[in-house]
Amino acid sequence: MLISDLPVLQVVIPLAAAPVCLLLRNPRHAWACALIASWLVLAIALMLVQRVHAVGTLSYAIGAWVAPWGIEYRIDMAGALMVLVVAIIGALVMPFARRSIEHEILEKCTGLFYTCYLLCLCGLLGMVVTGDAFNLFVFLEISSLSSYVLISLGSRRRALTAAYQYLIMGTIGATFILIGVGLLYMMTGTLNMVDLSQRLPEVANTRTIMAAFAFVTVGVSIKLALFPLHQWLPNAYTDAPSVVSAFIAATATKVGVYVLLRFFFTVFGMQFSFDAMHVGEILMLLAVAGILIASLVAVFQDNVKRMLAYSSVAQIGYIILGISMASAAGVSAGMIHLFNHAMIKGALFLAIGCIFLRLGSAELRDMHGLARHMPWTMAAFVAGGLSLIGIPLTSGFISKWYLASAALSGGYWPLVVLILASSLIGLIYMWRVVEVAYFHVPGTMMHKVREAPAVMLIPTWLLIGINLYVGMDASLITDITRQGAEILIGEALQ
Amino acid sequence: MEILIDTILLVLLMITGFSIVRMRSLLAATMLTSIYSLLSASLFVVLDAVDVALTEAAIGAGISTILLLATIALTTDREKPPQRTPMLPLIVVIITGMALIYGTLDMPHFGNPQAPVHLHVAPAYLHDTPGEIGIPNVVTSVLASYRGYDTLGELAVIFTAGAGVLTLLGYRTRGGNSMDPGIRKLLILRVIGKLFFPLILLFALYVQFHGDYGPGGGFQAGVIFATGFILYALAFGLGNAQRLIPHQLLRIMVAFGMLLYIGVGIESMLLGGKFLEYNVLADDPVSGQHLGIILIELGVGITVASVMLMIYYVFRSRQPEGDL
Amino acid sequence: METVIYILSWIFLLGGAIFLLVGAIGILRFPDFYTRLHAVSVCDTMGAGLVLAGLMLQGGFSLVTVKLLLIFYFMIFTGPTAVHALAQAALQGKLKPVVDEHEQQ
Amino acid sequence: MFIAISAVILVAIAIGLLRAFLGPTLYDRVLAANMSGTLTVLMVAVLGFMTGRPEFLDIALVYVLISFVSTIAVLRVCGTGCGASRDPEADSGEG
């Protein structure tokens, strides 16, 4: 049962753990159940990466019905990397969650919180590993619905509004994706992605397929918060419980990017997406605008979570920038940044979670002199911040380096200037936090503040550790992303 | 001639849609939504999509109307007039509509047998179902077996919705008033309710287990089950309905249905097959398929029914007065 | 015999259709809610009954006829109950019937 | 012939819809919805005969049961409580 069934177990374990969590009356038990499930998921993800590395793309026919008649799970190197990202964040967030959730959420909701968390995890993993366009939509729905609930559990009432906003935008996005998939089915008679890619070229010139492409692109772009469609993101990240901010910021948008990659390269093919539909130019324009504008907006935020949220919009811009170059180097750079940014943002939001536990606020004005009372947390925050800016020896530097070199080799030298400039802006907004926390005199309320508990610091530092490790030895991750990008582009060239 | 009926129905649908948008009274809009689903269900009937029509009838006209009403009862039935003219949404809607129309321009004509949909996967389903699955209703064989994993996903969506509503609204236990005075007056309703309650449940069982042969299956049956219990709650009061099916039991059943479905998948893996490969469940593949489909449909039915009823309980338990 | 049944079924169906139409016109033209209730009753009883009876004759002795009978059976219970509950709710909701002015005096 | 019957039913549904749009009270709309439900049941039954697929009657059966429950739900959930006794003009919907 074991080795060959890994792809499906990956998704089924959290899916099965969710109803079990619902049955457990004691919140501690529910937490334990979620913890075990997410660690199992991480173990499976590691095995999957190893297996994909060894034998190449894995395919799993669910119900033993061969694709395109049945649903296929398909994991190549890019998919394995995404699974790893989601699994790492999921596994590290859970030990962190118990204290943080006890602090931020009503006790009667705690058990249900873990149910929704597991469903969200399951949905995100399902979106990554599936090789079927409609199945992707189904898991998108699971992950979206559960993330609306997770966000709305934030301690302030505003969380409800934020979740509602996200719900409206997310539903529009999901509907667009569904319409797109429906149109694709209409013209090809199949839902399997590989099968679609083989049957699409025949009908690629029809207006129906163009409409389908537009719907899918816009729908996924809402999900991944591409620049003008990002309005839901800042509120959602700010008002959600800390754990949820960390989990969703690090995974949901990244999975969105991955889905976009899948559609552009695997389903529609590079030729159609970039040459016929000129999506590369549009994406590049939006990415540049997003990087600049969102970074600038981030500078003026007084709530650290909101600041990080705007920075996320900018960072998504970087990832999209890499993809929009439509070259192996560009896509690979985009994926490196995807991995790195997931780790960085996860770490930063977890650090903010520690601060929120002790301060009950994420406002800049409450953080005066915080570094003296929470040295480890602030150190983690600074390390994450340095990585976000892209200082050498951090993972952020690696991704910007690859991005810049991809831009240079593609002949887009102004983009290099843009990357440098926006890094400087990043420095400004990170510095605002550092200044307040390290160089300001602590307020009177500060005396009571203690360092965050070890269960919360260790996951944070583990993520920081991954960042620093990648910063020093990036060969593993660049290896994986290069393979992933080559498979994507290779599939597109066929 | 069927084209004519299609067209008339579509026009009626469009008019209904527009007037729903125009309505300021949310109750009136809800009534029109119910009519809208009735019309679209008739359209599905004309188009020969019987399973879809049954689902639309059970869900659109039944449970979603009831849940909308329960929401209105908790909030308000007047839509607030918008502060400013909603230009941006209007533009988005217009662009979307234009894109949709643009997309239809190159579509194969309605009913064209050469359309790609009819040439690739679908013929194989039609051809292989008798031999591989052995049930007459191909829709069920696709939903429950060929693409059974999607159905599991959809069930998980419903499960998520239930868990979400429970998380957000929470369940309030009510004082033990057996029957409020409002109900005592409705003698006729109670008599009819008593008469119909078992009939609806019986019919739900029929839909549940007849899904292999005709339109129906777990989703529709689950919704009809829930509707039956809601009728009971309407006629005899929420307190009595909760005595019949306590909230705790519902919670267990919600989880049980999901676990049953996943369990069938795991079991087939343990027996050496793939996830949800029903062939290995019995000695010969076809009866294995039969067994698998019946079990997973049961799981679907249980979870859907209990999620719907749970959502209804949660909504109604927040009602301030005793008038339930 | 077959022809008789056939013709009879069409008479029923047509009769039902006429009653449905009459009921529909009634719900549009009658002046207030309470009078419109009557129009709906025409649809629910005679209209539906005749159409279903016509269909039953078409179906002959089969499961179809049983189902039609079931539908008819449900309708004659649900229709009046719904209308009754509606009327009662309207009365409780203080909806005044439109009354002729002569009688008011 | 079935066509003629279903055409008549469609016309009746259209008239019912008109009443549902016009209101003026909630009860009128519920009444119209209820009547449309009945008519749809008949329509589905007739269509089943027209296309020679009598299993359509299952759907008609679902309709009868479901639309009854939802009519009752309107009256029990919202009937006397919210907005029912409102001024006819205010409830006309064309706001």
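A:Ile36 - would you say it is closer than 23 Å to A:Lys108 by Cα, among the aliphatic types (A, V, I, L, M) and not in a strand (DSSP E or B)? Even if it seems obvious, please write down each step before you answer.
Working: closer than 23 Å to A:Lys108 by Cα: yes; among the aliphatic types (A, V, I, L, M): yes; not in a strand (DSSP E or B): yes.
So A:Ile36 passes the test.
Do you know which residues across the stretch B:146-192 are at pLDDT 75 or above and among the charged types (D, E, K, R)?
Within the stretch B:146-192, the subset at pLDDT 75 or above is B:146-171, B:187-192.
Within the stretch B:146-192, B:Arg147, B:Asp150, B:Glu154, B:Arg190 meet the criteria.
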Requested in this report: Please work out if A:Trp31 is buried (at least 21 other Cβ atoms within 10 Å of the Cβ), without any contact (Cβ under 8 Å) to a residue 12 or more places away in the chain and not polar (S, T, N, Q).
Outcome: no
Query - Options A:Lys305, A:Lys345; residue that is part of a helix (DSSP H, G or I), in contact (Cβ under 8 Å) with a residue 40 or more places away in the chain, out of contact with any Phe, Trp or Tyr (no Cβ under 7 Å at 6 or more places or on another chain) and basic (Lys, Arg) - result: A:Lys345
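Looking at C:Ala85, C:Ala89 in this structure, which one is over 19 Å from the mean Cα position of the chain (by Cα) and crowded, with 20+ Cβ neighbours inside 10 Å? Even if it seems obvious, please write down each step before you answer.
Numbers: C:Ala85 fails: over 19 Å from the mean Cα position of the chain (by Cα).
Every option except C:Ala89 fails the conditions.
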Query raised in the report: Among A:Ser155, A:Ser100, which is part of a helix (DSSP H, G or I) and among the hydroxyl-bearing types (Ser, Thr, Tyr)?
Result: A:Ser100
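Please state which one of D:Thr71, D:Thr38 is within 21 Å of B:Leu199 (Cβ to Cβ), within 12 Å of the chain's Cα centre (by Cα), at the interface with chain C (Cβ under 8 Å from one of its Cβ atoms) and without any contact (Cβ under 8 Å) to a residue 40 or more places away in the chain.
Working: D:Thr71 fails: without any contact (Cβ under 8 Å) to a residue 40 or more places away in the chain.
Exactly one residue qualifies, and that residue is D:Thr38.
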Requested in this report: Inspect all residues belonging to the stretch C:8-25 and state whether any of them is within 21 Å of C:Pro97 (Cβ to Cβ) and in contact (Cβ under 8 Å) with a residue 24 or more places away in the chain.
Outcome: yes
Query raised in the report: Which of the following residues is facing chain D (nearest Cβ under 9 Å) and not aliphatic (A, V, I, L, M): C:Gly93, C:Gly15, C:Gly60, C:Gly26?
Result: C:Gly93
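This table checks each residue for (1) in contact with an Asp or Glu (Cβ under 9 Å, 6 or more places away or on another chain); (2) at the interface with another protein chain (Cβ under 10 Å from one of its Cβ atoms).
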{"residue": "B:Leu105", "(1), (2)": "no, yes"}
{"residue": "B:Gly111", "(1), (2)": "no, no"}
{"residue": "B:Ala115", "(1), (2)": "no, yes"}
{"residue": "B:His118", "(1), (2)": "no, yes"}
{"residue": "B:Ser141", "(1), (2)": "yes, no"}
{"residue": "B:Tyr149", "(1), (2)": "yes, yes"}
{"residue": "B:Phe159", "(1), (2)": "no, yes"}
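Does the stretch A:378-390 contain at least one residue that is closer than 24 Å to A:Phe96 by Cα and over 23 Å from the mean Cα position of the chain (by Cα)? If you could, list the steps in order and put the result at the bottom.
Filtering the stretch A:378-390 down to residues closer than 24 Å to A:Phe96 by Cα leaves A:378-388.
Checking which are over 23 Å from the mean Cα position of the chain (by Cα) leaves us with A:378-379.
Checked against the condition, which is being closer than 24 Å to A:Phe96 by Cα and over 23 Å from the mean Cα position of the chain (by Cα), the stretch A:378-390 yields at least one hit.
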Requested in this report: Go through the stretch A:347-399 and give me each residue that's surrounded by 24 or more Cβ atoms within 10 Å (Cβ to Cβ) and among the polar types (S, T, N, Q).
Outcome: A:Thr377, A:Ser387, A:Thr394, A:Ser395, A:Ser399
Query raised in the report: Within the stretch D:18-35, how many residues are in contact (Cβ under 8 Å) with a residue 12 or more places away in the chain, more than 7 Å from chain C (Cβ to nearest Cβ) and surrounded by 24 or more Cβ atoms within 10 Å (Cβ to Cβ)?
Result: 3
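Being crowded, with 24+ Cβ neighbours inside 10 Å and out of contact with any Leu (no Cβ under 8 Å at 6 or more places or on another chain) narrows it down to one of A:Ser409, A:Ser332, A:Ser405, so name that one. Walk me through how you get there before you give the answer.
On the way: A:Ser409 fails: crowded, with 24+ Cβ neighbours inside 10 Å; A:Ser405 fails: crowded, with 24+ Cβ neighbours inside 10 Å.
Going through A:Ser409, A:Ser332, A:Ser405 in turn, the sole match is A:Ser332.
Among helices (runs of 4 or more DSSP H) lying entirely in the stretch B:212-295, which contain 3 or more residues that are facing another protein chain (nearest Cβ under 7 Å)?
On the way: elements: B:218-236, B:238-244, B:247-270.
Because the criterion is at least 3 residues that are facing another protein chain (nearest Cβ under 7 Å), the helices (runs of 4 or more DSSP H) in the stretch B:212-295 that meet it are B:218-236, B:247-270.
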Report task. Evaluate the following for D:Ile9: is it at the interface with another protein chain (Cβ under 7 Å from one of its Cβ atoms) and at pLDDT 85 or above? Result -> yes
Query - the stretch A:101-140: number of residues that are over 24 Å from A:Leu81 (Cβ atoms) and of a type in the set (Ser, Thr, Tyr) - result: 3
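Taking the stretch C:29-57 on its own, how many of its residues are among the acidic types (Asp, Glu) and more than 7 Å from chain D (Cβ to nearest Cβ)? Write out each step before concluding.
Here is the first cut: in the stretch C:29-57, the ones among the acidic types (Asp, Glu) are C:32, C:44.
Still in the running and more than 7 Å from chain D (Cβ to nearest Cβ): C:32.
The total comes to 1.
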Report summary line: Among helices (runs of 4 or more DSSP H) completely within the stretch D:1-82, the ones holding 1 or more residues that are more than 19 Å from B:Ala61 (Cα to Cα) and of a type in the set (Phe, Trp, Tyr) are D:2-22, D:26-50
Query - Single condition A:Val66 does not satisfy, out of (1) over 27 Å from A:Tyr164 (Cα atoms); (2) in a helix (DSSP H, G or I); (3) without any contact (Cβ under 8 Å) to a residue 12 or more places away in the chain - result: (2)
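Kindly indicate which of B:Gly17, B:Gly62 is in contact (Cβ under 8 Å) with a residue 12 or more places away in the chain and surrounded by fewer than 21 Cβ atoms within 10 Å (Cβ to Cβ). Write out each step before concluding.
Numbers: B:Gly62 fails: surrounded by fewer than 21 Cβ atoms within 10 Å (Cβ to Cβ).
Of B:Gly17, B:Gly62, the one residue that is in contact (Cβ under 8 Å) with a residue 12 or more places away in the chain and surrounded by fewer than 21 Cβ atoms within 10 Å (Cβ to Cβ) is B:Gly17.
How many of the residues making up the stretch B:107-144 are of a type outside the set (Gly, Ala, Ser), in a loop (DSSP other than H, G, I, E, B) and crowded, with 16+ Cβ neighbours inside 10 Å?
Quick first cut of the stretch B:107-144, residues of a type outside the set (Gly, Ala, Ser) only: B:107-110, B:112-114, B:116-121, B:123, B:125-130, B:132-133, B:135-140, B:142-143.
If we keep only those that are in a loop (DSSP other than H, G, I, E, B) too, we end up with B:107-110, B:112-114, B:119-120, B:133, B:135-137.
Retained after the next criterion (residues that are crowded, with 16+ Cβ neighbours inside 10 Å): B:107-108, B:120, B:133, B:135, B:137.
Matching residues across the stretch B:107-144 total 6.
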Requested in this report: Output the qualifying pairs, or none if there are none: Cβ atoms under 8 angstrom, residues six or more apart or on different chains, first residue in the stretch B:87-101 and at positive phi and assigned by TED's automatic domain parsing to the domain that holds B:Arg22, second residue surrounded by 11 or more Cβ atoms within 10 Å (Cβ to Cβ) and of a type outside the set (Val, Ile, Thr).
Outcome: none
Query raised in the report: Scanning the stretch B:63-103 for residues that are at pLDDT below 85 and over 22 Å from B:Arg22 (Cβ atoms), which turns out farthest from the other protein chains (Cβ to nearest Cβ)?
Result: B:Leu74
Report summary line: Apart from one, (1) closer than 30 Å to D:Pro54 by Cβ; (2) crowded, with 17+ Cβ neighbours inside 10 Å; (3) modelled with pLDDT under 90 all hold for B:Leu195; the odd one out is (2)
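Matching residues to (1) surrounded by fewer than 24 Cβ atoms within 10 Å (Cβ to Cβ); (2) not in a helix (DSSP H, G or I):
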position: A:Ile419; (1), (2): yes, no
position: A:Leu427; (1), (2): yes, no
position: A:Arg432; (1), (2): yes, no
position: A:Arg450; (1), (2): yes, yes
position: A:Thr460; (1), (2): no, no
position: A:Val470; (1), (2): no, no
position: A:Gln483; (1), (2): yes, no
position: A:Ile489; (1), (2): yes, no
Report summary line: Going through the stretch A:166-210 in order, the residues found to be within 11 Å of chain B (Cβ to nearest Cβ) and crowded, with 24+ Cβ neighbours inside 10 Å are A:Gly180, A:Leu183, A:Leu184, A:Met187, A:Thr188, A:Thr190, A:Leu191, A:Asn192, A:Leu196, A:Ile209
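The values are calculated or read from the model by the stated rules, or taken from the named source; none is laboratory data. Owing to the predicted nature of the structure, the values given are computational and were not obtained by experimental measurement. Because the Cβ atoms are built from the backbone with ideal geometry, glycine has one as well, and the counts that use them run over all protein chains shown.
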